[in-house]
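Peer 1: I am attaching a structure below and will ask some questions about it afterwards.
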């Protein structure tokens, strides 16, 4: 029975830890999921703190997962885990009954579950929790070294959230991930399908010019909240646009706003010559960073940068002269390896220390 309890606790811990970390890697995406839940539950007055709720819940999942895997503070961890899983189960029951058109967001953008699949997943976790928890008074004693490994992992996860908040996700699992090919809305059967990388853009007159996105080398800056961009970031965007044009790219700004608002905020009006407009949610999916850049060649998404790390002239020149396939691999494999190394590090600390 002792072995069954331990295995059950570790299985729950792995699921919760991965669920939390995948959301922490993409805090903007996690915030969007929370906003959908707030709308569904009719508590939209909490929209202003949806980002804090998303990050807090993801941290709680990751920390609980780490506590279950390491086995620290078993009674408290068991009670809190049971309460969290019970809440998730009741919520998925409600989702299954009401069947709204939204994703549960259980594993961020990595795995998309139906409401039934999400409910079954939570029921399985509740069954494992029961196996791991009872009798509660007979929980095994934890090795003292685990009270060292848990804080190391907890701090590492918090630092990972800080890093993710200041950059775009290390690994992109959205439909607009590097390597995806943009499709024109008229070329697909269901333009509302969010799993298809389609992006509709219009000029200031309201004319749709979607075909511009699938022709030539584009340096696209997406701005979904122009009022929140600082003056230095506007200047960085203006510099990128001008240098990209000189290097043979077609510079393009995609904004979720009106030309009037743009003109009142942009300190370098010359970047407006290539400004187009798109749906805010689509821009959030294209690039999680407000003011981030995306390199697209003939409709193929090659790589992305956050607004804090926009490419300099040397980088854009090097990409312009490199085969697109080579650029795709070299620009994105490094970040994927960083994420894999992080997971290897934290699981090594939890399981081996």
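Peer 1: Checking residue 121 against (1) within 24 Å of the chain's Cα centre (by Cα); (2) farther than 17 Å from residue 20 by Cα; (3) modelled with pLDDT of 95 or more, which single condition isn't satisfied?
Peer 2: Residue 121 satisfies all of (1) within 24 Å of the chain's Cα centre (by Cα); (2) farther than 17 Å from residue 20 by Cα; (3) modelled with pLDDT of 95 or more except (2).
Peer 1: Same structure again: Which of the residues belonging to the range 243-268 are over 28 Å from the mean Cα position of the chain (by Cα) and either within 19 Å of residue 204 (Cβ to Cβ) or at pLDDT 90 or above (or both)?
Peer 2: Within the range 243-268, 243, 245, 246, 247, 248, 259, 260, 263, 264, 268 meet the criteria.
Peer 1: Report, ordered by the first and then the second residue, all pairs with beta carbons closer than 9 Å, sequence separation of six or more or different chains, a first member in the range 133-159 that is in the same structural domain as residue 9 (by TED's automatic domain parsing) and within 21 Å of residue 11 (Cα to Cα), and a second member that is at pLDDT below 80 and surrounded by 11 or more Cβ atoms within 10 Å (Cβ to Cβ).
Peer 2: So the pair list comes out as 133/139.
Peer 1: Something else about it: Could you grab the pairs with beta carbons closer than 9 Å, sequence gap of 6+ or different chains, first residue in the range 325-339 and within 22 Å of residue 299 (Cα to Cα), second one assigned to a helix (DSSP H, G or I)?
Peer 2: What qualifies is 327/318; 327/319; 331/319.
Peer 1: Same structure, new question: Of these, 84, 68, 22, which one is assigned to a helix (DSSP H, G or I), under 30 Å from residue 172 (Cα atoms) and either in contact with a strand residue (DSSP E or B) (Cβ under 9 Å, 6 or more places away or on another chain) or outside the structural domain of residue 158 (by TED's automatic domain parsing) (or both)?
Peer 2: Working: 84 fails: either in contact with a strand residue (DSSP E or B) (Cβ under 9 Å, 6 or more places away or on another chain) or outside the structural domain of residue 158 (by TED's automatic domain parsing) (or both); 68 fails: either in contact with a strand residue (DSSP E or B) (Cβ under 9 Å, 6 or more places away or on another chain) or outside the structural domain of residue 158 (by TED's automatic domain parsing) (or both).
Being assigned to a helix (DSSP H, G or I), under 30 Å from residue 172 (Cα atoms) and either in contact with a strand residue (DSSP E or B) (Cβ under 9 Å, 6 or more places away or on another chain) or outside the structural domain of residue 158 (by TED's automatic domain parsing) (or both) holds for just one of 84, 68, 22, which is 22.
Per-residue answers, yes or no, for (1) surrounded by fewer than 19 Cβ atoms within 10 Å (Cβ to Cβ); (2) closer than 27 Å to residue 351 by Cβ; (3) touching a helix residue (DSSP H, G or I) at 6+ places or on another chain (Cβ under 7 Å):
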position	(1), (2), (3)
101	yes, no, no
104	no, no, yes
124	yes, yes, no
127	yes, yes, no
132	no, yes, yes
137	yes, yes, no
143	yes, yes, no
152	yes, yes, yes
156	yes, yes, yes
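Peer 1: Looking at 45, 17, which is the one that is surrounded by fewer than 20 Cβ atoms within 10 Å (Cβ to Cβ) and either in contact (Cβ under 8 Å) with a residue 60 or more places away in the chain or not assigned by TED's automatic domain parsing to the domain that holds residue 306 (or both)?
Peer 2: 45
The values are calculated or read from the model by the stated rules, or taken from the named source; none is laboratory data. None of the values given here were measured: they were computed from a predicted structure. Neighbour counts run over all protein chains shown; Cβ positions are idealised from the backbone, glycine included.
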